[in-house]
Structure formats: C-alpha cells, structure tokens
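Undergrad: Got a structure for you, written out below as structure tokens; questions coming shortly.
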Ligand SMILES: [Fe+2]
C-alpha cells in the first residue's frame, strides 16, 4: 500500500488505488444500475480505473425512490462481492436526503446505513436549498458520533450562490464530498466554478464518482483527480481520492483536513 501511495505523488490517478464513497451501483433500487449486468459492468469499470473499494450509496428517504431495508441492500452487496471477487470490494452505505429526521433514520430506526458501517454518513441537501435549522440536525448527528459528509455541495443552488454558508458548516465539523463530474465540467460551468471555489478554500475532503450507469453518469475518478491535482497539487488530490475515503471505509479519523477559508466572491475592480 505504501508503494502505491508513494507512486501516486508522481502519477495521479494513473493506476494507483482510489476509494469511491458515493455510487449508485446496486441494481434496481433507485435511479442507478438497471440490472445486475450493468452493476457488474460499473464495478469492473471502477476497478479498471484504479478503484479498490466502492461504497454503494442508494438514495434513502428522498421521497422519490423507495427506501429499501439495509438487509435487502446488503444482500445485493453480497451478491456483487461474490461475483467480483474483491475487484473492487463493495461496501454498503446510502445517500440520505437531509431532513430534520436524519438522526432518527441513522441512529434510531437504522433505516439509513452509514458508509461501510462506520461513523460517517453521506447526506444530501435538497437541490435548491439548505433547509433552515440544518446546523442543529447535523450537530445532533455529530453528538451521536456520526460525522456527516455532505454530498456534492457544489451542485446545491443555494451553496453555489452563497459558498460562505458551506464554509460555516465545515467550520462546525461537517465534511464535503464533490462529484467527479463537477470538475470535468459535466454539470456545467456554474457548478464547475463552485467546485473550484470550494476546493481552493479547503471546503472539500473527498471526491467521488456518484456514478449512476454506463451511459452518461459513469464510474471512475482518475480524470477528475488529475484536474484536482493540477489545481491544488497531488497531495490534496490523493487525500480526497485515496487516504481520506480509505479512512472512512476503515472506520478511522480522516488524516487530511485542508485549512478552510471563507470564500470571497471575486470582484472586478476598476481603477481610473
Ligand atoms: Fe448520488
């Protein structure tokens, strides 16, 4: 493992191991893989890209897709693992839609599995807003020893326009996971700009594929990791794609916290 990490410094994303903590690879449970064949193909593409562990994170409690029991989901994970023989290893988690009920879903009803059964939960805000009182619910989660990782904050319309809101959440202990497609431009220029701003201000701790299929929301992370390395250096890129997500699936504290700074809106100054 050490040699892979050392090699990573020189060849970012080029065959070195990565860990993907956000994917919709489980078949027929949400808007992700539509069949076991597609799920297997997504996993194989992930392995070919250098991903050694992938966490399946089907949507949970989003009022769009059915929320399946962890037992039902685990059976699908077990089937994938039996077929893939560890390349990559599949773990279970979920992408929990934020409501003020997050603590109940995770800690009381156990209807929303944490990432790989550990002490981190992937939480998604609604697309347009950050609901008022979010801080309190997320703090309650942290008081239960569960660390919230906010899925793709760069794609949330409110946070895009007010990135300082996300800075406040990060300062309160929340972590940030950006999607690969946000760096490669898949979601448009505005999302890309928000991703860059959050990255430059140390507000992102992970990058993950958020892959849904083999057509247009693809597995793999290396292309985005190369973009990140170009922007902020190989060390930070490695932390976001390898060491931090590996710590999440190993149930350990993440080793790298970038220094968070308050994002400043860029102003054009005119001098006369
Ligand atoms: Fe997702």
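Undergrad: Those residues that are more than 16 Å from the ligand (Cβ to nearest atom), part of a helix (DSSP H, G or I) and closer than 24 Å to residue 111 by Cβ, I need them from the range 44-79; list them, please.
TA: Once the filter is applied, which keeps residues that are more than 16 Å from the ligand (Cβ to nearest atom), part of a helix (DSSP H, G or I) and closer than 24 Å to residue 111 by Cβ, the range 44-79 yields 70, 71, 72, 74, 75, 76, 77, 78, 79.
Undergrad: Which residue, of 110, 127, 100, is on the phi > 0 side of the Ramachandran plot and either within 16 Å of the ligand (Cβ to nearest atom) or surrounded by fewer than 22 Cβ atoms within 10 Å (Cβ to Cβ) (or both)?
TA: 110
Undergrad: Among 264, 177, which is the only one that is surrounded by fewer than 18 Cβ atoms within 10 Å (Cβ to Cβ) and not in a helix (DSSP H, G or I)?
TA: 264
Undergrad: If you don't mind, there's one more thing I want to ask. Which is under 26 Å from residue 25 (Cα atoms) and surrounded by 20 or more Cβ atoms within 10 Å (Cβ to Cβ), of 229, 223, 208, 194?
TA: Step by step, each of 229, 223, 208, 194 is checked, and only 208 is under 26 Å from residue 25 (Cα atoms) and surrounded by 20 or more Cβ atoms within 10 Å (Cβ to Cβ).
Undergrad: Starting from the range 210-222, take each residue that is within 14 Å of residue 152 (Cα to Cα) and list its partners that are away from the ligand (no atom under 12 Å from the Cβ), counting only C-beta distances under 7 angstrom and pairs at least six apart or across chains.
TA: Once the first residue is within 14 Å of residue 152 (Cα to Cα) and sits in the range 210-222, its partners that are away from the ligand (no atom under 12 Å from the Cβ) give 211/42; 211/218; 211/219.
Undergrad: Here is a check on your reading of the model: is residue 182 within 16 Å of the ligand (Cβ to nearest atom), farther than 19 Å from residue 128 by Cβ, surrounded by 24 or more Cβ atoms within 10 Å (Cβ to Cβ) and at pLDDT 95 or above? I'd like the intermediate steps shown before the answer.
TA: Values: within 16 Å of the ligand (Cβ to nearest atom): yes; farther than 19 Å from residue 128 by Cβ: no; surrounded by 24 or more Cβ atoms within 10 Å (Cβ to Cβ): yes; at pLDDT 95 or above: yes.
Taking the combined requirement at face value, the residue does not satisfy it.
Undergrad: Next up: Hey, any hits in the range 188-205 for a residue that's within 16 Å of the ligand (Cβ to nearest atom), touching a residue at least 40 places away in the same chain (Cβ under 8 Å) and part of a strand (DSSP E or B)?
TA: no
Undergrad: Give just the number: which of (1) crowded, with 17+ Cβ neighbours inside 10 Å; (2) in contact (Cβ under 8 Å) with a residue 60 or more places away in the chain; (3) more than 16 Å from the ligand (Cβ to nearest atom) does residue 41 not satisfy?
TA: Residue 41 satisfies all of (1) crowded, with 17+ Cβ neighbours inside 10 Å; (2) in contact (Cβ under 8 Å) with a residue 60 or more places away in the chain; (3) more than 16 Å from the ligand (Cβ to nearest atom) except (1).
The values are calculated or read from the model by the stated rules, or taken from the named source; none is laboratory data. Bear in mind that the values here come from a model prediction, so they are computed numbers and not experimental data. Cβ: placed from backbone, ideal geometry, glycine included. Neighbour counts: every protein chain shown.
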